[in-house]
Amino acid sequence: MERESMEFDVVIVGAGPAGLSAACKLMQLAEKNEQELMVCVIEKGSEVGAHILSGAVLEPTAMNELFPNWKELGAPLNTEVKGDDVYYLTGEDKGIRTPNFFIPKPMHNDGNYIVSMGNVCRWMAEQAEGMGVEIFPGFTASEILYNDDGSVKGILTGDMGIAEDGSEKDSYMPGMELLAKQTIFAEGCRGHLGKQLMESFDLNKDADPQHYGLGIKEVWTIDPEKHQEGLVVHTAGWPLDNHTEGGGFLYHMENNQVSLGFIVALNYTNPHLSPFDEMQRWKSNPKISQFLEGGERVSYGARAVNKGGMQSVPKLSFPGGLLVGCDAGFLNGAKIKGNHTAMKTGMLAAETVIESLKAGDVAGKELSLMDEKYKSSWVFDELHKTRNFGPALHKFGTFLGGTFSWFDQNIFAGKLPFTWRNTTPDHATLKPAAKCPVINYPKPDGKITFDKLSSVFLSSTNHEEDQPCHLKLTDPSIPLSQNLPLYNEPAQLYCPAGVYEVVKDEEGNDKFQINGQNCVHCKTCDIKDPAQNITWVTPEGGGGPNYGNM
Amino acid sequence: MKILVGVKRVVDFNVRIQVKPDGSGVATDGVKMSMNPFDEIAVEEALRIKEAGNAEEVIVATIGPKACQEQLRTALAMGADRAIHVLTDDEIQPLTGARILKALADKEEPQIVMLGKQAIDDDNNQTAQMLGALSHWPQATFASEVKIEGNTAIVTREVDAGLETLSIDLPAIISADLRLNEPRYVKLPDIMKAKRKPLEAIALADLNVEVAPTVKVIKTTAPAKREAGIKVGSVAELVTALKEKGLI
Ligand SMILES: Cc1cc2nc3c(=O)[nH]c(=O)nc-3n(C[C@H](O)[C@H](O)[C@H](O)COP(=O)(O)OP(=O)(O)OC[C@H]3O[C@@H](n4cnc5c(N)ncnc54)[C@H](O)[C@@H]3O)c2cc1C
Ligand code: SF4
């Protein structure tokens with residue numbers, strides 16, 4: 001089929017912190033060199049920020065480099081961190097405050113800002129557009145386009161107006177080819193095209209498998225009496241056991257709002273575990289509920305994070321393109337921060353492209369300068385220092401592992417001469433359901449804790465109903481023939497949006513049902529399905545959550 | 001002939017509406033805004049009339065703060081030829097909106113003014129009718145089909161009893177109902193082209209329109225939460241339960 005096409009110098013997939021930083025830096029450098037540059041950013045959310053979900057305590061390092069005058073330009077970094085509390089929760093109603101001295105250094109937050117990363121991205125998009133970048137929200141990059149020699153030549157945007165049965169509706173609009181000399185992939189954690197690139201160019205050859213966590217987040221408007229703007233609270237321990245990694249956060253933002261969430265590592269072993277219910281009951285601990293009582297929940301969402309760290313970073317360059325941000329996996333697991341490293345690696349990609357352009361043609365070329373730049377940047381230093389944090393938790397459990405990390409970070413400053421590895425991928429960690437204790441989660445009280453459906457409602461998620469399902473099963477029989485008997489089909493529990501259900505059909509037989517229109521694009525099913533049988537693909541552009549200030 | 005289409009920036013229909021804690025209105029900070037869906041249908045219909053060769057120019061207009069440009073650009077990307085932005089930061093009520101549209105119609109002399117039947121933010125369903133009264137032009141509201149035959153428009157309307165077909169002389173005012181059409185997806189190159197299409201900004205003060213809010217909003221509250229229901233076993237029990245609640 002002949003498709004329309006448009007040509008750019010650089011096409012960027014994803015308007016998150018990584019993609020937008022790449023776009024801004026490209027234009028800044030091009031202007032400095034008096035160079036004409038055509039750059040576009042393509043974003044699957046209905047607007048920039050609609051699919052951005054982060055904590056977020058932002059370390060302003062990369063922002064200071066990208067826009068030294070960000071304050072004058074009005075960047076929405078309004079709340080400086082003023083207090084930093086860490087609790088070790090020991091039970092349903094107990095927790096002890098960890099003295100500052102015992103907290104591993106990377107977890108300190110002096111000089112950082114509490115932000116809505118969605119709003120920071122909206123602001124960055126305005127800056128980029130002001131410099132001449134074309135930003136296309138509401139369009140997905142659905143496929144990678146290759147030249148005959150195997151190099152990447154751009155991406156294909158998703159078709160619009162395809163009915164559930166695959167036929168073309170009246171409104172049908174075929175996708176377009178967006179061609180570029182270099183394509184920068186900035187899809188965030190578990191990018192759908194990034195995953196294909198890693199395979200086709202074997203980018204993970206020298207890396208450990210990536211490890212992930214699922215972060216579930218809510219925003220609340222709370223009683224002004226209880227609000228302490230600038231206070232950052234982290235928790236470890238309850239409700240997770242010592243073998244399951246994870247923890248909670250609660251940040252007091254501006255306007256009497258708090259942003260709170262819970263991250264569960266996806267290498268958990270008990271298929272009866274439900275990250276959503278862990279998050280809900282975590283809120284009922286008085287260390288958290290004290291702030292929420294009398295408040296109102298205004299928003300809900302979920303997103304996977306990659307926490308493999310240095311050991312899992314793939315090769316970043318391949319013929320025709322580059323990987324940046326969480327699409328590659330630069331989150332610092334010790335800090336649970338990836339925004340500053342996403343921004344910085346986006347900027348490194350921009351420098352790589354501009355410097356290589358000076359040296360000649362870059363179309364379809366492999367710019368290994370990117371990998372060199374990463375290795376000599378502060379991103380690498382940071383990940384190198386904290387490289388044993390995740391594996392230590394994995395090896396020794398959260399309590400002893402935490403102790404190791406304290407010594408590693410506070411006494412040895414991350415310089416211990418060894419690197420631990422964790423080579424079991426997260427989808428391979430589940431034990432048979434019959435061998436694991438069933439977890440009895442308390443019923444939601446409708447005040448502090450809620451059920452899944454009323455939660456998904458607050459994510460303002462919508463997908464055009466009449467379209468093919470964007471969650472593809474390689475073998476449609478596996479959920480019922482393998483996953484159900486062995487693992488009680490864990491998708492029913494790990495999906496934070498209630499997309500997967502095992503229901504009875506008219507004859508009383510089990511049926512695996514996928515409610516794709518509820519999907520909040522967190523990517524957990526693509527990561528955790530024990531059979532690796534679920535593939536998340538891009539739905540029609542604009543579909544998915546409509547996050548406000550997440 | 002020219003068609004003038006009014007479009008309004010509203011909170012996107014997918015967003016769960018939240019009332020500000022102080023009850024002074026609906027929260028719009030950090031909330032996704034879009035073109036009112038009925039206005040999108042109006043723009044689409046105007047474009048179809050033009051594409052059928054029955055109009056030469058489609059002009060879109062909006063009234064509101066600077067950010068409303070976004071919705072005008074969307075309409076331009078759909079295919080409108082040019083845009084007019086009447087700039088004001090004040091809340092615009094239907095009567096003022098109708099007066100402003102009248103001023104624009106006087107200036108542009110379109111043969112059709114197309115509007116959405118109502119905006120989904122305040123659901124007033126008044127502007128088209130008020131504009132009809134102010135301009136003394138015929139009006140056909142709730143259109144589900146529009147045909148242009150020379151100097152008349154044949155408009156099918158959705159009314160309580162079914163469908164009603166009117167023939168009205170142009171110039172006229174038409175307001176769009178949900179079933180009139182399905183708006184097109186915009187194309188990437190058209191989004192880029194839209195940035196270069198003419199967009200004229202006019203300060204509201206320069207239009208000499210009387211801006212007088214006639215309605216005052218006293219308080220905005222969220223609808224009461226639905227209480228869990230109870231099951232009754234018989235009609236007698238139902239009657240007793242209703243009586244207890246003082247409902248009969
Ligand atoms: C609960 C939680 C709390 C966190 N807390 C913090 C914190 O406090 N501090 C911190 O620094 N970091 C935090 N992080 C991590 C941080 O959010 C990420 O590291 C960061 O968002 C990565 O940025 P990115 O640009 O690489 O990807 P993303 O932010 O994921 O952005 C990717 C963008 O690309 C779009 N996209 C993806 N695929 C496609 C496609 N195929 N076509 C079109 N568009 C596409 C997406 O819609 C999205 O807008 C947290 C993460 C979570 C989940
Ligand atoms: S279907 Fe998959 S990607 Fe969508 S919300 Fe559920 S787990 Fe996340």
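The values are calculated or read from the model by the stated rules, or taken from the named source; none is laboratory data. Bear in mind the structure is a predicted one, so any value in this text is a computation, not a measurement. As a convention, Cβ positions derive from the backbone with ideal geometry for all residues, glycine included, and neighbour counts pool all protein chains shown. The accessibility values were calculated without ligands, DNA or RNA, using every heavy atom of the protein model including side chains. Shrake-Rupley method; radii C 1.70, N 1.55, O 1.52, S 1.80 Å.
The GluC sites (Glu not before Pro) found in the range B:28-124 that occupy coil by DSSP, while having at most 13 further C-beta atoms within 10 Å, are B:Glu56, B:Glu91. The residues of the range A:441-468 occluded by other protein chains by 20 Å² or more of accessible area, set against the chain on its own, are A:Phe457, A:Leu458, A:Ser460, A:Asn462; surface from heavy atoms, 1.4 Å probe. For chain B, what is the Kirkwood estimate of the hydrodynamic radius, computed as the reciprocal of the mean inverse distance between distinct Cα atoms, to one decimal in Å? Answer for chain B: a Kirkwood hydrodynamic radius of 19.8 Å. Between B and A, buried accessible area from a 1.4 angstrom probe totals roughly 2100 Å², ignoring ligands, DNA and RNA. At a 1.4 Å probe, what is the % contribution of carbon and sulfur to the accessible area of the range B:2-244? Answer for the range B:2-244 is 52 percent, counting heavy atoms of protein chains only.
Between the Cα long axis of helix B:69-78 and the first principal axis of chain B there is an angle of about 70°, rounded to the nearest 10. Summing +1 for each Lys or Arg and -1 for each Asp or Glu among the other residues whose beta-carbon sits under 15 angstrom from that of A:Asn509 gives -4. For the cross-link pairs A:Lys32/A:Lys344; A:Lys504/A:Lys528; B:Lys8/B:Lys117; A:Lys195/A:Lys528, the ones whose C-alpha atoms lie over 22 Å apart are A:Lys504/A:Lys528. In percent, how large is the relative contact order of chain A, given Cα pairs closer than 8 Å and 6 or more residues apart? Value for chain A: 21 percent.
Each residue of the range B:51-67 was assigned a 3J(HN,Hα) from its phi angle through the Karplus expression (A = 6.51, B = -1.76, C = 1.60, θ = phi - 60°), giving 5, 7, x, 9, 8, 9, 9, 10, 10, 9, 9, 9, 10, x, x, 3, 4 Hz with x at Gly and Pro. Residues of the range B:20-66 buried by at least 50 Å² of accessible area upon assembly of all protein chains, compared with the chain on its own (1.4 Å probe): B:Gly30, B:Lys32.
On a 0 to 90° scale, report how tilted helix B:235-244 is relative to the longest principal axis of chain B, with both axes built from alpha carbons and the result rounded to the nearest 10. Its long axis makes an angle of about 80 degrees. Note on B:Lys219: lysines with a C-alpha under 21 Å away, same-chain residues under 8 apart excluded, are B:Lys20. Which aspartates and glutamates have a Cα less than 14 Å from the Cα of A:Lys385, not counting those fewer than 8 places away in the same chain? By straight Cα distance, A:Lys385 reaches A:Asp408. Taking 15 Å as the straight-line reach from the Cα of A:Lys511, the aspartates and glutamates in range (excluding those fewer than 8 positions away in the same chain) are A:Asp475, A:Glu489, A:Glu501. Chymotrypsin sites (Phe, Trp or Tyr not before Pro), restricted to the range A:462-550: which are DSSP loop and have at most 16 other Cβ atoms within 10 Å? Counting only loop positions with at most 16 other Cβ atoms within 10 Å, none of the chymotrypsin sites (Phe, Trp or Tyr not before Pro) in the range A:462-550 qualifies.
Among the cysteines of chain A, those with no neighbouring cysteine Cβ under 4.7 Å are A:Cys24, A:Cys40, A:Cys121, A:Cys436, A:Cys469, A:Cys495, A:Cys519, A:Cys522, A:Cys525. For the protein assembly as shown, the equivalent ellipsoid derived from the Cα gyration tensor has semi-axes of 46, 34, 26 Å, listed largest first.
Helix hunt in chain A: which complete DSSP H runs extend at least 20 Å axially by C-alpha with mean Kyte-Doolittle at least -0.5?
A:17-32, A:339-359
Once you keep just the Cα pairs under 8 angstrom separated by 6 or more residues, what percentage relative contact order results for the range B:2-244? Normalised by residue count, the contact order of the range B:2-244 is 24 percent. Using only side-chain charges placed at the Cβ, +1 for Lys and Arg and -1 for Asp and Glu, the dipole size of chain A relative to its Cα centre rounds to 2360 debye. Computed from the Cβ-Cβ distance with R0 of 35 Å, the FRET efficiency linking A:Lys358 to B:Asp206 stands at 0.10. Mind scanning A:Lys181/A:Lys523; A:Lys181/B:Lys193; A:Lys283/B:Lys231; A:Lys205/A:Lys358 and naming the pairs with a C-alpha gap bigger than 26 Å? Where the Cα-Cα span goes over 26 Å, the pairs concerned are A:Lys181/A:Lys523; A:Lys283/B:Lys231; A:Lys205/A:Lys358. Note on the protein assembly as shown: helix-only mean residue ellipticity at 222 nm, from DSSP H runs of 4+ residues weighted -39500 (n - 2.57) and normalised by residue number, equals -7500 deg cm²/dmol. Annotation for the range B:1-57: trypsin sites (Lys or Arg not before Pro) lying in DSSP loop with at most 13 further Cβ atoms inside 10 Å of their Cβ do not exist. In the full protein context, chain A carries 39 Å² of accessible surface per residue, based on a 1.4 Å probe and ignoring ligands, DNA and RNA.
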